[in-house]
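The values are calculated or read from the model by the stated rules, or taken from the named source; none is laboratory data. Note that the coordinates shown come from a computational prediction; the quantities given were computed from them, not determined experimentally. No Cβ is skipped: glycine too gets one built from the backbone with ideal geometry, and neighbour counts run over all protein chains shown.
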Amino acid sequence: MALNTAALYNQPEYSDVTIRFSNREIFCHKVVLCTSSEYFKKLCGPGSQFVERQQKSIELKGDHPDAAEAILRYLYTKDDNNNQDHEWALQLEISKTAEKYLLPDLAAIANKKFISHASVIKEPQAVFDAIMHIREHAFSDQDLAVASELEKKHLLALMKVDDFRQLISKDQSLMWKYLDQFADTIRGKVDVFLCRCADCASAVLRSPATLPQKHYIPDSGFRTCSGSYQTCHVMVAKSDGEILQKMYERK
């Protein structure tokens with residue numbers, strides 16, 4: 001019968017090593033740690049040259065406490081799902097910590113959760129806070145790219161965030177950087193006028209000054225309307241503008 005290691009997690013019975021970190025302690029078992037992680041195998045396994053091999057207590061340093069606890073729990077349960085999956089900042093820490101303890105599979109899973117949840121942040125202040133946090137704590141280019149993409153995607157909204165304004169006011173080079181990004185954003189957009197006829201409800205995509213009075217109605221042919229329109233004016237990405245044209249413009 002296979003040993004249920006999940007039931008042994010943080011159980012003092014049969015524990016032969018205590019892992020301590022950030023004023024926390026977890027009762028562990030070297031056989032579980034060393035067979036689940038090459039890091040712990042080298043640190044306290046049978047062939048280890050480190051003093052931890054003989055110690056009953058091992059202190060982990062420099063790790064986020066919740067991430068370290070998640071790592072230890074994973075070594076026992078092999079379950080990466082928990083009620084904190086949506087906490088992108090924690091998933092970033094778990095990803096980094098898993099890399100440290102030579103757990104590439106868990107690192108990849110946590111990193112995917114981090115990117116998935118961080119990338120959809122929308123509230124401007126939360127976007128700014130996320131950008132600053134990622135740039136302070138992330139190591140890899142892939143993770144740092146999440147901050148850059150958030151910045152690019154929400155640049156217009158960030159311009160109204162006081163913390164963002166204070167940041168760029170202290171560094172002229174940043175100000176020019178964001179002005180250039182802003183200009184690129186504007187150049188990448190087009191004006192779209194979506195107009196709906198008040199009479200026949202047909203929709204066209206063009207400037208209000210060039211709206212026709214004759215409209216083509218499927219199965220009925222052309223009809224002459226009053227020329228009264230409901231108009232919506234927006235700026236969209238050029239690619240989206242092309243899609244709208246295909247949807248609404250009659251060839």
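Just checking, how many residues over segment 1-45 are in contact with a strand residue (DSSP E or B) (Cβ under 7 Å, 6 or more places away or on another chain) and small (G, A, S)? Total satisfying the criteria: 1. Being of a type outside the set (V, I, T) and either modelled with pLDDT under 95 or exposed (fewer than 13 other Cβ atoms within 10 Å of the Cβ) (or both) holds for only one residue in K100, K96, K153, and it is K153.
Scanning segment 153-179 for residues that are under 11 Å from Q125 (Cβ atoms) and of a type outside the set (D, E) yields H154, A157, L158, K160, V161, F164. Residues in segment 117-128 that are in contact with a helix residue (DSSP H, G or I) (Cβ under 8 Å, 6 or more places away or on another chain) and not β-branched (V, I, T) were compared, and the one that is farthest from L174 (Cα to Cα) is H117. Of the helices (runs of 4 or more DSSP H) lying entirely inside segment 126-171, the ones with 2 or more residues being small (G, A, S) are found at 141-153. Test each condition in (1) crowded, with 18+ Cβ neighbours inside 10 Å; (2) in contact (Cβ under 8 Å) with a residue 24 or more places away in the chain; (3) touching a Phe, Trp or Tyr at 6+ places or on another chain (Cβ under 8 Å) for L43 and report the one that comes out false. The number of the failed condition is (2).
Residue count for segment 91-103, restricted to those that are closer than 15 Å to T35 by Cα and without any contact (Cβ under 8 Å) to a residue 12 or more places away in the chain: 0.
Would you confirm whether or not segment 113-123 contains a residue that is over 12 Å from the mean Cα position of the chain (by Cα) and buried (at least 17 other Cβ atoms within 10 Å of the Cβ)? Within segment 113-123, not a single residue is over 12 Å from the mean Cα position of the chain (by Cα) and buried (at least 17 other Cβ atoms within 10 Å of the Cβ).
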